[in-house]
Amino acid sequence: MSDVTSFLPEGLFEGKTAFVTGGGTGLGLSVSARIGRLGGSIVCASRDTNHHERLLERGREHGFEVMSAQLDVREPADVKRVVREAARRFGRIDILINNAAGNFIRPSLLLAPKGFKAVIDIALNGVFYVSREVGRLMREGGGAIVNISAPYASTGKPGVVHSACAKAGVEAMTRSLAAEWAELGIRVNAVSPGPFVSTGAADRLWPSEEMEREVLRQIPMGRFGTADEVAELVCYLASPAAPWVTGSVWTADGGWSLPQPMVSAEAAKVLRRRRPDT
């Protein structure tokens, strides 16, 4: 954890197993490490297991178990195999964090169909494939699923039509599965983070200092978030601390998705110097 003040009690996930896609880097790493520090065991699943080393090190350092699994969420047979392997090792899966995604900036007229399909396959289809397999295990004893969305799922965003469409589908899936699986004791929620500090995402979404300043200018709270801040919210929704919360989408973006000012900061200074209306 960084300087984030935690409100989650120690041992919250004691005896629980969490399956985290994309769990070795960025937000996935922060979520996996946080659940582990709170007593849980982690199944870290992604295409490149080399990315799991940092989490494995944290597991050894803090005493939580990590299963490193190679998984391409776009392949249903691969998903079934890894979920079954995890169930054999830990007995059950109590928590699923659908974090694996793909994104990059590309104007829609320049976006190749292959690029659009790649993001949809990972960030939408993959979420369903993993949820379906894990849900089949959870129906025996309940569980919690947290999907990672994005604020532009409901507003759209120029330059990321592929991701916006995928995340809009994820939010629809979140609500649909929450309603359908509530009777099975399975809660399904989503967290929608705005721009936060993460090397991989930054390289793809604001690769230059100029673009970084432009994104920062759009955040009313005046700073990027951190992966640990978002992870704390994800862990809350995955935990017994939120037993009556399902079908919801929680936004954590420093106000990034709020309407932009009608006038620039310089124009606002001029307005403030004027005498107030009487």
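No lab work stands behind these numbers, since they all come straight from the coordinates. Just so it is clear, the model here is predicted, and its values are computed rather than measured. Using ideal geometry, Cβ is built from the backbone for each residue, glycine included, and neighbour counts are taken over all protein chains shown.
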Calculate, in whole percent, how much of the Cα-Cα pair population of region 55-112 lies beyond 20 Å. 47
If you consider only alpha-carbon coordinates, what radius of gyration and Dmax does region 17-273 have, in Å? 18.7, 68
For region 122-138, Karplus-derived ³J(HN,Hα) couplings (6.51, -1.76, 1.60; θ = phi - 60°; whole Hz; x for glycine and proline) come out as 7, 7, 10, 4, x, 4, 5, 4, 6, 4, 4, 5, 5, x, 5, 6, 5
Treat the count of other C-beta atoms within 10 Å as a stand-in for reagent exposure and order Lys157, Lys114 from fewest to most. Lys114, Lys157
Which residues make up the longest stretch of the chain that has no chymotrypsin sites (Phe, Trp or Tyr not before Pro) in a DSSP loop with at most 14 other Cβ atoms within 10 Å? 8-243
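Report the calculated FRET efficiency for Arg60 and Leu109 (r = Cβ-Cβ distance, R0 = 41 Å), to the nearest 0.05. Before the final figure, lay out the partial values.
Values: r = 49 Å, r/R0 = 1.19.
So the FRET efficiency works out to roughly 0.25.
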Averaging over every viewing direction, what projected area does the convex hull of the Cα atoms of region 31-134 cover, in nm²? 7.2
Tell me the relative contact order for the chain as a rounded percent, counting alpha carbon contacts under 8 Å between residues six or more apart. 18
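For region 68-204, take the alpha-carbon Rg, divide it by the Kirkwood Rh, and send me Rg/Rh. Don't jump to the answer; show the numbers that get you there.
Numbers: Rg = 15.5 Å, Rh = 15.7 Å.
Rg divided by Rh gives 0.99.
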Tell me the Rg and the Dmax, in Å, that the Cα atoms of region 1-66 produce. 11.1, 33
Cα-Cα pairs above 16 Å in region 90-134: how many percent? 47
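About its Cα centre, how strong a charge dipole does the chain have in debye, to the nearest 20, once Lys and Arg get +1 and Asp and Glu get -1 at the Cβ?
540
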Contour minus Cα-Cα distance for Gln70 and Val197 (0.36 nm per residue): 43.2 nm
